[in-house]
Each structure stands twice: as structure tokens, then as C-alpha cells.
Amino acid sequence: MTATDAPVDDRGVPSEERRRRGSPISRAALLAYLLLIVYASWFPFTGWRSNGLPLLSFMNLVKQRYWTGFDVMVNIVGYVPLGVLLVLALYPLVRGVWAALLAAIIGFLVSGTMEAVQNFLPSRVPSNLDLLTNSAGAFIGACIGPLLARGLLLEGRLNRLRQRWFAPHASQGLVLLALWPLAQIYPQSFLFGHGQVLPIISGWLSALFDEDIDLVAMLRPGPAMSVEQYWLSETIITACGMTGAALTLLCLLRRTAPRYTLVLVMIGAALFMKALASSLLFRPDNAFVWITPGAEGGFLIGLIMLAGLAFAPQLAQRRLAVVTLILSLIVVNTIPANPYFTLTLQGWVQGKFLNFNGAAQFLSLMWPFFALWFLLLPSHKLNRG
């Protein structure tokens, strides 16, 4: 068979050449996970200063006095996916034992970097135990990776479904959409109300200039909002946030994909994570406290919009996804915090979940901005069918 007769994908790239390039989705997932590790390790990013100790002073043989089995378990489990993703991202350039060894070394370097930088954060304490357990987790993941690489990336059923249901440019988008249900974990004022960055920026500016700065109040001067206005705002935020995420999925699907099923599965996973997080972070009886009249109305409106747009042209779906996400960002950043939600948040004790909550907050804040970046990529022009 000549090069011109070789099987090609939808972009005209020979299948064998595409295999040699490796998996874009694995590399996108690796980048996303590295960002989560960085945010979780350096959260809350305040009070940067030098403590005068050598940068690598934590790399010693002194036994840690204060540690728990929970800390050890979380540190190991948290780095296992990093080891797996490193092996998958290296495939097929580096394979087998060499891929596992290289992934384990990179995992050790990543953990060492995270611990070293914590020297400059007064709220964090670099630890040789953290370095050891994180590296052990990366090593475990690196050993698992080669067992998954070939079947998962080339010959597995998931890869066949990926080729059958999704457009060629969907790799980064699939990682992004997989993170959307996880973004529901961090407590939010409104259902699907991601990207509420102005209160965070206000806090940073207040600390920087040593005075109270409220950007939300500056953008929306006037009397306090009524209950009806809160309901209307939440309806808009819920409808636009859900519709924007679902349209991002829809514009990546082929015509033969089970569109309604995939959308409902993604939304169902997000609602499940929301209920589970509310139950664990607060109290079990708060599992469904986020089901308010505004959220119910927005959810219903979102479902109606998606039912009508499921088979719209991909270009229209992509543009509408951008519009709805921007509208949700505008509304969620220009209304004051819901007093009821603020009162509920006072019962949230982060405790040993500090790292995890930092990563969850990062997802909640940044997901819509990453989605907009992805939707505006020129790669979408390669496939509009």
C-alpha cells in the first residue's frame, strides 16, 4: 500500500502517522492535571515571603512529627493519575519500562518543585513526607500506565467510540467537559455559577491597598437586590451556564452520536457531584439546598433550549455556547453575594481538605474561561459537519 492509499482520518492525516503522534487528549489531560496540582499545592497564594531557610531544606531524613494516615493516603492517591497521564502522554515516543521510569522521575521533580515553592508561603509547610508519598503515588501511576497505554489509546473500545462519536478536534474539549462536573464541588452562590472572579480580585486589591475595595458594588451601585431579582439572576445564570457547557459538548459531536444521551449524562454527573459535595462539605441535610426556585426555572429553560439546539449546525452551537457563557459570566460577576449562601458558607470548615478545596476552587473559577478559549480556537474550522 502506498502512502496515498493509506487509511486517513477526517482531516486527511494518515492513520499510522496519527498514531505516531500520540494522543492529544492524554496531553491535554496531563496539562489540566498539572494545573490542578500547582493550584492545590500553592493555595491560597497569599503572604509570599522568604523564611530564610535553604530552598531544599525539607529534603532530609528527619521523621515528621505530625502526620495522619489520611494525609498519606491523599498524597499518594493524588499523584497516581499524574503518573498514568505522564505515561499516556509520552506514548508512543517512549514506551514500556522507559516510559514508567521517566514518568516516575518527572513525578518526583514535580512534587519537589511544589514543596520547594511552599517555602515562600507562610500557610504551607514543605515536608519530606509529602515528597515521599507524592513520589510514591507518581511511581504507582507510572507502573500502571504502560498496562493501559496501547489498549486505551489505540485498540480499546473507548478509543473506537471517540473516533465514532466525536470530531477530530475534540480532544482538548473532552478533557474540559470531563472537568465540568468536578467544577460543581466547590460551593457556589448559584447553580452552574462558575467564573465568579470579581470577589476574589476585590479581596486581592483590598489586601494590596489596605482598604475595602468591592468591585461588584462599583459595577452595580444602588439599593440592595430584592428576592425576586435574586431569583431572576439565578435563573439566567443556571440556564446560561448549563446551556453553554452542553453546547460545548454538542458542537464536538458527529451526527451519528447519541446527542441527548451524552448531554443528559454530563448534566446528571454535574448534579450528582453538586449534591455529593454539598452533603460532604456541609451536612447531609444540605445535599439539595441548592435546588431553589431560580435554579429550577433556569434548569427547565436550559433543557428547552438544548432540546431545540441539539441538531443545530455546529458553527451555530459553538457561537451560542460562547454567547451563553459570556452572559453567565457577566451576570454572576455583577450581582452581590446571596446572603443565605453566605450564612450557609460559615458552616464550612475546610480543615484537612485545604489542598483539595484549592483545586476545586480553581476549577470553579476558571472553567468558563478555559471553555471560551477552547471554543474560540481556530481548530473548530476544520470540522463543521
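Things worth noting here:
- Listed by position, the helices (runs of 4 or more DSSP H) contained in the range 19-124 that have at least 2 residues being at pLDDT below 80 and over 20 Å from the mean Cα position of the chain (by Cα) are 69-90.
- The residue that is nearest to the chain's Cα centre (by Cα), counting only those in the range 248-265 that are of a type outside the set (A, V, I, L, M) and assigned to a helix (DSSP H, G or I), is Thr248.
- Unique match (being assigned to a helix (DSSP H, G or I), aromatic (Phe, Trp, Tyr) and at pLDDT below 90) among Phe356, Phe299, Phe311, Phe272: Phe356
- Residue within the range 248-261 that is farther than 15 Å from Gln184 by Cα and among the small types (Gly, Ala, Ser) present: yes
- Residues that are assigned to a helix (DSSP H, G or I) and β-branched (Val, Ile, Thr) were ranked within the range 125-142; the one that is modelled with the highest pLDDT is Ile140.
- Scanning the range 277-296 turns up no residue that is under 20 Å from Ser171 (Cβ atoms), crowded, with 18+ Cβ neighbours inside 10 Å and assigned by TED's automatic domain parsing to the domain that holds Trp180.
Okay, residues lined up against (1) in a helix (DSSP H, G or I); (2) charged (D, E, K, R):
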site: Phe190; (1), (2): no, no
site: Gly193; (1), (2): no, no
site: Gly203; (1), (2): yes, no
site: Ser206; (1), (2): yes, no
site: Asp212; (1), (2): no, yes
site: Cys240; (1), (2): yes, no
site: Ala246; (1), (2): yes, no
site: Ile267; (1), (2): yes, no
site: Ser279; (1), (2): yes, no
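- The set of residues in the range 270-288 that are touching a residue at least 24 places away in the same chain (Cβ under 8 Å) and over 23 Å from the mean Cα position of the chain (by Cα) comprises Arg283, Asn286.
- Restricting the range 143-173 to residues that are surrounded by 18 or more Cβ atoms within 10 Å (Cβ to Cβ) and outside any helix (DSSP H, G or I) leaves a set whose member that is modelled with the highest pLDDT is Phe166.
- Residues in the range 4-18 that are part of a helix (DSSP H, G or I) and either out of contact with any Pro (no Cβ under 7 Å at 6 or more places or on another chain) or modelled with pLDDT of 70 or more (or both): Thr4, Asp5, Glu16, Glu17, Arg18.
The values are calculated or read from the model by the stated rules, or taken from the named source; none is laboratory data. Keep in mind that this is a model prediction, so the values were computed, not measured. Positions of Cβ are backbone-derived with ideal geometry, glycine not excepted, and every protein chain shown enters the neighbour counts.
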